1. Can you find, within segment 20-73, the residue that is nearest to Thr8 (Cα to Cα) among those that are among the hydroxyl-bearing types (Ser, Thr, Tyr) and in contact with a helix residue (DSSP H, G or I) (Cβ under 6 Å, 6 or more places away or on another chain)?
2. Within segment 1-13, which residues are farther than 23 Å from Gly56 by Cβ and either surrounded by 18 or more Cβ atoms within 10 Å (Cβ to Cβ) or charged (D, E, K, R) (or both)?
3. Considering only segment 56-73, how many residues are part of a loop (DSSP other than H, G, I, E, B) and not charged (D, E, K, R)?
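Nothing in this text is a laboratory measurement; each read-out follows from the coordinates by a stated rule. These numbers were taken from a predicted model, which means no experiment stands behind them. Note that we place each Cβ from the backbone using ideal geometry, even for glycine, and neighbour counts take in every protein chain shown.
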Amino acid sequence: MLTLADQTLKLCEESGERLRMAISFKLYGVACLQLGRYLEADGFFHQGLSLCLELGDRRNAGAMFSNSAKAPA
């Protein structure tokens with residue numbers, strides 16, 4: 001899944017698709033959560049959240065915010 005996230009992020013950067021870049025950060029974050037890499041996941045969610053807020057995408061911003069800092073207790 002990390003390979004897919006890397007590929008999509010690179011394509012979005014090349015094409016200037018900033019909203020899709022944010023979604024790629026979400027994909028990275030989810031992949032890292034699945035691997036137990038919680039701090040790394042949180043960083044990706046924060047990058048995506050920043051882009052979503054900048055672009056006015058409240059729906060994905062909510063998802064990013066909800067997913068950040070989701071390490072199990």
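1. In this case the residue turns out to be Ser24.
2. Ala5, Asp6, Lys10
3. Count: 6.
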